[in-house]
1. Could you please find all residues in the stretch 13-32 being at pLDDT 80 or above and either closer than 19 Å to Lys3 by Cα or not small (Gly, Ala, Ser) (or both)?
2. Can you pull out the residues in the stretch 33-47 that are loosely packed, with under 10 Cβ neighbours inside 10 Å and either of a type outside the set (S, T, N, Q) or modelled with pLDDT under 85 (or both)?
Amino acid sequence: MAKLSKEQRKAMIQKAEEERAKHPKPKNAKSGFETIDEEAEKLESER
């Protein structure tokens, strides 16, 4: 995986947070970091 710039990371975090606001946290057993990693992977594959 290529290294992301700070701007790209900020944009991905912001997008993930907006998604999270739209879809309140589902009841799953994952840690916050696992969820963030998954969101980042999803956004990476969308590009």
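The values are calculated or read from the model by the stated rules, or taken from the named source; none is laboratory data. Since we're looking at a predicted model, the values are computed, not measured. Cβ atoms come from the backbone with ideal geometry, glycine included; neighbour counts cover every protein chain shown.
1. Initial filter on the stretch 13-32 (at pLDDT 80 or above): 13-22.
Passing the criteria: Ile13, Gln14, Lys15, Ala16, Glu17, Glu18, Glu19, Arg20, Lys22.
2. Phe33, Glu46, Arg47
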